Amino acid sequence: MFSRNRTSALTWAFVVAVLSLALVYLLKLRLGKGTQPLALGDRPIPAPRDTGEITIADTADDLKRIEGIGPKIAAVLSAAGIRTYQRLAQTPAGELKQLLRDRGLRLADPATWPEQARLAAAGQWDEFERLLQTLKAGRRA
């Protein structure tokens, strides 16, 4: 069997390993708080308040369901902190247009995106589908 010194050394190694893992976990928790999202131009995007609770607003919606938004624009919106239909609905079209210009995306027209997002956020999918039938590339046809 193991000698007493070897068992003692293994016990200490285990204790050190557990404490090291706990320290790494606590550091990751601490460093994760207070980080800021990407900024739009010169204006920083305010970080969401950390209440410690996970809410529905914390989950991202599929913004590609909005007519005129593809994967590239969805990535730009997400990087700007616009990840939900609710947040998109609250963002004025002019601000969205400026965001796209700042990222070199000049062809997209976000004029109807907040309206589409309001319907999606409210779960009014029938009205959303009716609106989509009147749009082409996010613009009224």
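Here, each number is a calculation from the coordinates, and none is a lab measurement. On a predicted model such as this, the values are computed, not experimentally measured, just so you know. Methodologically, a virtual Cβ is constructed for each residue, glycine included, from the backbone with ideal geometry; neighbour enumeration extends over all protein chains shown.
Between Lys72 and Leu26, what FRET efficiency comes out of the Förster formula 1/(1 + (r/R0)^6) with R0 = 35 Å and r the beta carbon distance, rounded to 0.05?
About 0.40, to the nearest 0.05.
Which FRET efficiency, nearest 0.05, do Asp126 and Asp62 yield, Cβ-Cβ r, R0 25 Å?
0.90
Take region 55-132, compute every pairwise Cα distance, and split them into 5 Å bins from 0; I just need the percent in each bin.
Taking all Cα pairs of region 55-132, the binned fractions are 3, 17, 31, 27, 15, 7, 1 percent.
Could you check the spin-label model distance between Val15 and Asp102? Points 7 Å from the Cα along Cα→Cβ, value in nm.
A separation of 5.3 nm, rounded to one decimal place.
What is the local net charge at Asp109, summed over the other residues whose Cβ is closer than 11 Å to its Cβ (Lys, Arg +1; Asp, Glu -1)? Please report the intermediate quantities before stating the final value.
On the way: positive: Lys97, Arg106, Lys136, Arg139, Arg140; negative: Glu67.
Net charge in that neighbourhood comes out at +4.
In sequence order, what are the phi-derived ³J(HN,Hα) couplings for region 88-96 according to the Karplus relation 6.51 cos²θ - 1.76 cosθ + 1.60 with θ = phi - 60°, rounded to whole Hz, with x for glycine and proline?
Coupling constants for region 88-96: 5, 5, 7, 8, x, 4, x, 5, 5 Hz.
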